[in-house]
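Step one of this worksheet: look at the structure below.
The values are calculated or read from the model by the stated rules, or taken from the named source; none is laboratory data. Computed from a predicted structure; not experimentally measured. Just the protein is used for accessible areas: all its heavy atoms, side chains included, with ligands, DNA and RNA removed. Shrake-Rupley method; radii C 1.70, N 1.55, O 1.52, S 1.80 Å.
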Amino acid sequence: MGIAIYYLQSQNPGQRIAVFWDGARYDCSQEIKEFKESLEQVNRGLEKSQWQITCTKFTPNAPEQNLVEDIWLKTKKIAIKFIHYCQYFEVV
């Protein structure tokens, strides 16, 4: 994943880049640690306002920040409402 930072830069030369992360547990892997280390290297010595790549982590379960969370919330509500009609998970 650390390589991804350099790929983003190569695809957007001279541009500042914003990355948004939902902070999901499965994203807390070695790849994310390498990504964070690469971010530190790319932005080393720069003021925050001059960072080449900024990574913003969304607040967990915040639909107002992350629209996917809103979709999951609505899906869960529908599944809970109609669960008694479903004998198998595939039906849900």
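Looking at the structure I just gave you, is Lys77 modelled with pLDDT of 85 or more and farther than 30 Å from Pro13 by Cα?
Yes.
Restricting to the range 6-29, name every residue that is at pLDDT 75 or above and in a helix (DSSP H, G or I).
The first filter runs over the range 6-29 and keeps only residues at pLDDT 75 or above, leaving 6-21.
Hits for the range 6-29 are Tyr6, Tyr7, Leu8, Gln9, Ser10, Gln11.
What's the total number of residues in the range 32-83 that are open to solvent by 50 Å² or more (accessible area, probe 1.4 Å) and assigned to a loop (DSSP other than H, G, I, E, B)?
11
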